[in-house]
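**Q** Below is a structure I'd like to ask you about.
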Amino acid sequence: MAAQRTTSVAPFKPRFMPLMLTATLAAGVVSRSSSLSTAAALVLLYAVTVPSYVIYWSWIYPYYISPLRHVPTVPGNPLYGQMFEILENEVGVCQREWHKRHGPIVRYFFPLGTERLSIADDDALKQMTIKNPYNYPKPLGARKWMTRILGEGILLAEGNAHVHQRKALTPGFSIGSIRTLAPIFWRKSFLMAKLWDQEIGRSKDKKTGTFEVLEWLNRTTLDIICEAGFGTEVNSLENPETPLREAYRKVFVFDTLSRLMHGLQTLFPLTKYIPAKMNRDMEASRGIILGSATKIIKEKQATANPADKDILSLLVRDNLKLQAAGEAGLSFETMRDQVMTFLGAGHDTTATGVTWTLHLLSKHLGVQCKLREEIRKHYPFLFDRERRENFDISTIDPDHLPYLDNVCRESLRYIPPIPMTVRELVEDDKLGDYVVPKGTTILVYSNAINRLPEYWGPTADEFDPDRWDRLPDSYTTNAFMTFLQGPRGCIGRKFAETEMKILLCVLLSQFTFARDESVQDPEELKMWRLVLRPRDGVQLKVTKLIFLFLLVLNFNIMT
Ligand code: HEM
């Protein structure tokens, strides 16, 4: 299709309040110049204005005036748009179907013909994420909503401020830096496994425990980001009630009212002042997170030790160097907000990713066995308590396990912990064949793109780690949007991947995982708030591996 152009004349976009004000003033004029009373004139003018407004925005603007009218559009009633379908379904699933039916760039509606574009087109994604990323900032409403808990760190910075912060933070996330931090990942993973071992020890048969794993993994990844990221020991693993963990627990409450309030706040930021429980909890959580971040950064600045390897130490040292060279460097508030960002972005995401992986392994026992055998082949000592306690863990690089790599990638493709991201154009731009005007809201759904047959072939909807060894010709880098791409993509990707692999090596070498059939499949209960989580967590049957060994050994001896 030929490229569409925006018209040089700005399209007519009446706004509700000014329109009603005009109607009210007109009612005054009409009542004075006719026999109608003011009330009757008001009723008459409102009766004409409101339906005209609704008809214009729902049926005239979207189809005859909007510069986006040529973009393939999801059929439906623009009066309420696809809102109900979106609310009823898992985030990204409607968009996945729409892309399959209508192509890689689709338009759909929120009420009153409010337009949204969902982008899955390879070139358009390149344009947004790599060629022109700063033309696509996060919309103000979304930013304000996220700032409350994540601070105004790198995730929410835009333009030059983002370039500056990204440059300052990148060295802390280099492969070399992550390698230096890996022993912390191992230590915390072993600690969690030890605590699981104790938990199972308290079960009836002392072999199998049935418990919810997401909360455990959240505590482990929180402890890891605090120590590896900031050199701070939180130990929420052994102290589950630690206020910082409690603060994040409250942020992710999924009762209906909280979900409604969160949704409202992205549209109307002032609703954060409504004295509802959710707002009180959010404020309390914010206070704790902000307080912890302030304490961390103050301690770090006071004791900048050249031997410290954590990410924040690198940042503080770099910043001091910049300031010594007469450059501005990062302010105290910016550094504090980076800590808030890393706390928020850096633990729940990975915990959710590992949790979904364990869930998928519990459903695909063949994959679980194959993965365990690979770990055993490369790192046999992990399966032996005495040997693993005496092994120099810093020499192990889990990147050398190809099947582990496949399993992690496939799990993150199949259920992306961050299922979507939203952007708003600052200036007109061309996406695919369409000129998209500034102000358009655009969504990139990893939970749609990651499973499109156009990129992944007919098995796109299956969990199959082996696919990574035989990717179809239609695959492109942008078909895997779990970490986004380009300068706004996840800076912590290597950190998360290494952490995930180490956790899986430790867990699979000590336990087996089976579905707890007494609870509903968590995949049917996905809930989204920044992260796509299982609503009630993931409850698994966790069996100590040593007992299975003995069982197999016994069986072999007897037969
Ligand atoms: C499996 C785990 C993770 C996933 C799936 C993930 C995914 C993402 C995605 C999709 C974005 C882009 C968000 C947007 O712009 O809307 C992002 C950004 C970011 N992530 Fe991650 N992330 C993970 C782990 C981590 C970890 C462990 C850290 C820190 C240690 C981290 C730190 C960040 C930061 C700071 C940004 C903002 C980058 C920027 O705007 O320049 N993430 N992540």
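**Q** Quick one: would you say Lys430 is surrounded by 13 or more Cβ atoms within 10 Å (Cβ to Cβ), at pLDDT 95 or above and not aliphatic (A, V, I, L, M)? Talk me through it step by step, then tell me what you get.
**A** Values: surrounded by 13 or more Cβ atoms within 10 Å (Cβ to Cβ): yes; at pLDDT 95 or above: yes; not aliphatic (A, V, I, L, M): yes.
Yes: the conditions hold for Lys430.
**Q** May I pose another question? Which residue, of Lys188, Lys250, Lys194, Lys206, is within 20 Å of the chain's Cα centre (by Cα) and charged (D, E, K, R)?
**A** On the way: Lys188 fails: within 20 Å of the chain's Cα centre (by Cα); Lys194 fails: within 20 Å of the chain's Cα centre (by Cα); Lys206 fails: within 20 Å of the chain's Cα centre (by Cα).
Just a single option satisfies the conditions, and that option is Lys250.
**Q** Please find, within the stretch 158-180, the residue that is nearest to Gly486 (Cα to Cα) out of those that are near the ligand (Cβ under 10 Å from one of its atoms) and open to solvent by less than 30 Å² (accessible area, probe 1.4 Å). Walk me through it before giving the result.
**A** So the first thing to find is which residues in the stretch 158-180 are near the ligand (Cβ under 10 Å from one of its atoms), and the list is 158, 162-163, 165-166, 169-170, 172-173, 178.
Filter once more, keeping what is open to solvent by less than 30 Å² (accessible area, probe 1.4 Å): 162, 165, 169, 172-173, 178.
Working: His162: 13, Gln165: 15, Leu169: 15, Gly172: 18, Phe173: 15, Ile178: 20 Å.
Once the filter is applied, the top-ranked residue is His162.
**Q** Got at least one residue in the stretch 279-286 being closer than 23 Å to Leu244 by Cβ, among the hydrophobic types (A, V, I, L, M, F, W, C), surrounded by fewer than 18 Cβ atoms within 10 Å (Cβ to Cβ) and modelled with pLDDT of 85 or more? Explain how you work it out, then say what you get.
**A** Just the residues of the stretch 279-286 that are closer than 23 Å to Leu244 by Cβ, to begin with: 279-286.
Add one more test, that the residue is among the hydrophobic types (A, V, I, L, M, F, W, C), and what stays is 282, 284.
Subset that is surrounded by fewer than 18 Cβ atoms within 10 Å (Cβ to Cβ): 284.
Now restrict to residues that are modelled with pLDDT of 85 or more: 284.
The answer is yes; a qualifying residue exists.
**Q** Could you check how many residues of the stretch 141-150 are touching a helix residue (DSSP H, G or I) at 6+ places or on another chain (Cβ under 8 Å) and either open to solvent by 40 Å² or more (accessible area, probe 1.4 Å) or more than 11 Å from the ligand (Cβ to nearest atom) (or both)? Explain how you work it out, then say what you get.
**A** Let us first name the residues in the stretch 141-150 that are touching a helix residue (DSSP H, G or I) at 6+ places or on another chain (Cβ under 8 Å), namely 141-142, 144-145, 148-150.
Checking which are either open to solvent by 40 Å² or more (accessible area, probe 1.4 Å) or more than 11 Å from the ligand (Cβ to nearest atom) (or both) leaves us with 141, 144-145, 148-149.
The total comes to 5.
**Q** Next question. Name the pairs whose Cβ atoms lie under 9 Å apart, with the first residue in the stretch 420-446 and free of Cβ contacts under 8 Å to residues at least 40 places away in the same chain, the second open to solvent by less than 30 Å² (accessible area, probe 1.4 Å) and within 16 Å of the ligand (Cβ to nearest atom), and 6 or more positions between them or separate chains?
**A** Within 9 Å, the pairs are Lys438/Asn135; Lys438/Leu425; Gly439/Leu425.
**Q** Which of the residues that make up the stretch 503-520 are small (Gly, Ala, Ser) and under 13 Å from Cys369 (Cα atoms)?
**A** First, pick out the residues of the stretch 503-520 that are small (Gly, Ala, Ser): 509, 514, 518.
The answer is Ser509, Ala514.
**Q** Look at the stretch 503-540 and say how many of its residues are assigned to a helix (DSSP H, G or I), open to solvent by 10 Å² or more (accessible area, probe 1.4 Å) and more than 21 Å from Val251 (Cβ to Cβ).
**A** Residues that pass the stated criteria total 2.
**Q** Restricting the search to the stretch 424-457, which residues are under 21 Å from Pro472 (Cβ atoms) and within 16 Å of the ligand (Cβ to nearest atom)? Walk me through how you get there before you give the answer.
**A** Keep residues of the stretch 424-457 that are under 21 Å from Pro472 (Cβ atoms), which gives 445-457.
Tyr445, Ser446, Asn447, Ala448, Ile449, Asn450, Arg451, listed by residue number.
**Q** Could you identify the single residue in Pro306, Pro269 that is assigned by the TED database to the domain that holds Ala168, at pLDDT below 85 and open to solvent by less than 50 Å² (accessible area, probe 1.4 Å)?
**A** Values: Pro306 fails: open to solvent by less than 50 Å² (accessible area, probe 1.4 Å).
Sole residue among the options that is assigned by the TED database to the domain that holds Ala168, at pLDDT below 85 and open to solvent by less than 50 Å² (accessible area, probe 1.4 Å): Pro269.
**Q** Of all helices (runs of 4 or more DSSP H) completely enclosed by the stretch 275-389, which ones contain at least 1 residues that are under 30 Å from Leu264 (Cα atoms)?
**A** On the way: elements: 277-302, 311-324, 332-345, 348-363, 365-378.
Result: 277-302, 332-345, 348-363.
**Q** For a quick check of your reading: which strands (runs of 3 or more DSSP E) sit entirely within the stretch 406-502 and have at least 3 residues that are within 30 Å of Cys369 (Cβ to Cβ), charged (D, E, K, R) and out of contact with any Ser or Thr (no Cβ under 8 Å at 6 or more places or on another chain)?
**A** On the way: elements: 420-424, 429-431, 434-436, 441-445.
No strands (runs of 3 or more DSSP E) qualify here.
**Q** Based on this model, can you work out whether Ala120 counts as open to solvent by less than 10 Å² (accessible area, probe 1.4 Å), away from the ligand (no atom under 14 Å from the Cβ), in contact with a helix residue (DSSP H, G or I) (Cβ under 7 Å, 6 or more places away or on another chain) and more than 28 Å from Asp223 (Cα to Cα)?
**A** yes
**Q** Can you tell me which condition Val106 does not meet? The list is (1) open to solvent by 30 Å² or more (accessible area, probe 1.4 Å); (2) under 30 Å from Pro269 (Cβ atoms); (3) away from the ligand (no atom under 15 Å from the Cβ), and all the others hold.
**A** (1)
Quick grid of which residues meet (1) more than 30 Å from Ile415 (Cα to Cα); (2) surrounded by 21 or more Cβ atoms within 10 Å (Cβ to Cβ); (3) within 16 Å of the ligand (Cβ to nearest atom):
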site: Leu320; (1), (2), (3): yes, no, no
site: Leu343; (1), (2), (3): no, yes, yes
site: Leu358; (1), (2), (3): no, yes, yes
site: Lys363; (1), (2), (3): no, no, no
site: Gly366; (1), (2), (3): no, no, no
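**Q** How many residues are open to solvent by less than 50 Å² (accessible area, probe 1.4 Å) and more than 19 Å from Lys438 (Cα to Cα) if we restrict to the stretch 58-71? Lay out the reasoning, then the answer.
**A** Within the stretch 58-71, the first condition is being open to solvent by less than 50 Å² (accessible area, probe 1.4 Å), and the residues that meet it are 58, 61-62, 66-68, 71.
Of the ones still in play, those that are also more than 19 Å from Lys438 (Cα to Cα) are 58.
Qualifying residue count, the stretch 58-71: 1.
**Q** Quick check on my filter: what residues within the stretch 207-255 are open to solvent by less than 30 Å² (accessible area, probe 1.4 Å), more than 16 Å from the ligand (Cβ to nearest atom), closer than 18 Å to Asp536 by Cα and β-branched (Val, Ile, Thr)?
**A** Val251
**Q** Next question, about the same structure. So, in the stretch 98-140, of the ones that are without any contact (Cβ under 8 Å) to a residue 60 or more places away in the chain and among the small types (Gly, Ala, Ser), which residue ends up farthest from Glu454 (Cα to Cα)?
**A** Gly113
**Q** Taking Leu155 as meeting all but one of (1) of a type in the set (A, V, I, L, M, F, W, C); (2) surrounded by fewer than 18 Cβ atoms within 10 Å (Cβ to Cβ); (3) in a loop (DSSP other than H, G, I, E, B), write down the number of the exception.
**A** The single condition Leu155 does not satisfy is (2).
**Q** I would also like to ask the following. Within the stretch 464-517, track down each residue that is away from the ligand (no atom under 16 Å from the Cβ), among the polar types (S, T, N, Q) and in the same structural domain as Pro104 (by the TED database).
**A** Ser474, Thr476
The values are calculated or read from the model by the stated rules, or taken from the named source; none is laboratory data. The structure presented is a predicted model; accordingly, all values stated were derived computationally and were not measured. Heads up, the Cβs are rebuilt from the backbone with ideal geometry, glycines too, and the neighbour counts pull from every protein chain shown. In case anyone asks, the SASA skips ligands and DNA or RNA and just uses the protein heavy atoms, side chains included. Shrake-Rupley method; radii C 1.70, N 1.55, O 1.52, S 1.80 Å.
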